[in-house]
Structures are given as C-alpha cells and as structure tokens.
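All remarks here apply to the structure that follows.
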Amino acid sequence: MASPFVKKLPLLLLVLSLALSLEAFGADRAKAKTTTCTGCLQRKSGKKAPCHPANYVDPKIKGKYTAALRDMKRFGVEPKITSAWRSTDKQAALYRCSNSQKCRSRNPGLYYAKPPGTSAHEAGLAVDISGVAAGPRGAKRITPKGHKIIRIMEKNGFAWRYGLKDPAHFEANPKAAGYRNLHQAIKKTQTKCSVNLSAKAKR
Ligand SMILES: [Zn+2]
C-alpha cells in the first residue's frame, strides 16, 4: 500500500522542477542585466565593445598617474598619451602586428608588443607617452622633453621599463599596486568592467 507521501511524490517533483526552472529563468535575466566581460570586451548589439573608457588606468594607480600628469604640466610638458589599458583582444592584435614586417612598417609607432595575457597594459598598469625619444630606429635619443617625462614618471612610481627599445612605455609595479603579480592584476582588469554598456543602453 502506498503511503500518502509516495502518492504526493509526483506532485512534489512537479513543484520542485517548476521552482528550479523559474530560478534558472531568474538567473538568465540577472545575467542579461549585468555586464558580460570577457577579455574586457562586452557584447553590445552583437558587437564587442570595450568595457573600460579610453585612457583607463587601474584605480589603484590613478592617484599617482594624476600626480604625474600634474607635475608634467608644472614643468611645461604636455604629455601625449597614446595608449593606456588594452583589452586582451587588442593586445593580441598588436602582438600579431609587431611580428609582421609589413604591419610594423605600416605602424612606425609600434615598437614591441608582448603576447596577450602578459602585458601591463592589459592590467591598466601601463601608459605609453609619445615624444620621449626621437631619431631613426636603432639610433634613438631621449629628447629634452623625454628626460623630464622619464624623471616625473619614475618619481611617481612608473618605471621606464624597456628604455629606448620601447621609449613610450611606462609601467607601475603590480605588487606596489597591491596585486600578487601581474597575472592577477590582468585577470581583474579583464573581467571587471568599469563601464556598463547594457545599463547605458537603457538610459
Ligand atoms: Zn606600452
């Protein structure tokens, strides 16, 4: 003889499966509301769009970066920032270009790009400033303006890491910014968006 519980079992199962599917529906809706951010690019009407503004730097170095820009102004230097954070997709494209003679000759400003997943630009911990050096490749010299920029950037915690090999590049130490290593910093910047395009689209 079936117990009352067994008799009610099909009904219970039905209620349970309904609850689960409702929850899954809710989760899907919640997902649609928040930003999906892979390689720090989010989908906007089928297209990939960056999820940090141009010239974005990690909030942990923002204060020092702003201080450096202020110092430059005080010393009469108007810095031209040519690159700050990059999505991993962008880094991959630059890396491909830097490995192609043809692409490099079309982009003389491109010196050297690290493989995707390894650049401090992907962490928002690096900035490129043009005008630090002048002259033909292989015989570059630091410009007077460049000397000032290097001094000011170093004073504010940005290393002129590759010297004349990549004169535009300045980079903050991930550990000084509170990260275990560069990899952790890249992961954070590439997965947490500071711009929510789906929220913007609703306005
Ligand atoms: Zn750089």
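Bear in mind that the values in this text are calculations on the coordinates, not laboratory data. Given the structure is predicted, the values throughout are model-derived calculations rather than measurements. Cβ: placed from backbone, ideal geometry, glycine included. Neighbour counts: every protein chain shown.
Counted residue by residue at 0.36 nm each, then reduced by the alpha carbon distance between them, the extension gain from Lys62 to Tyr162 reaches 33.8 nm. Look at the alpha carbon pairs under 8 Å that are at least 6 residues apart: their mean separation over the length of segment 59-191 gives a relative contact order of 28 percent. A simple spin-label model places pseudo-atoms 7 Å from Cα toward Cβ; at Asn55 and Lys175 they are separated by 3.2 nm. In whole percents, the pair-distance distribution calculated for segment 59-191 from its alpha-carbon pairs, binned every 5 Å from zero, is 2, 11, 20, 22, 20, 15, 8, 2, 0.
Based on the mean of other beta carbon atoms within 10 Å per residue, what is the order of 159-165, 86-92, most packed first? Each step should come with its number before you reach the end.
Numbers: 159-165: 15.0, 86-92: 21.4.
Per-residue mean Cβ counts within 10 Å order the peptides as 86-92, 159-165.
Between Thr191 and Leu110, the contour length at 0.36 nm per residue exceeds the Cα-Cα span by 26.6 nm. In whole angstrom, how far apart do the alpha carbon centroids of segment 115-165 and segment 53-81 sit? Using only Cα atoms to place each centre, the spacing works out to 13 Å. Residues whose amide H comes within less than 5 Å of that of Ser83, counting only those at least five positions distant or on another chain, are Asp128 (H built at 1.01 Å from N in the peptide plane). Suppose R0 equals 35 Å; then what is the FRET efficiency for Lys155 and Lys47 from their Cβ-Cβ distance, rounded to the nearest 0.05? The value I calculate is 0.30.
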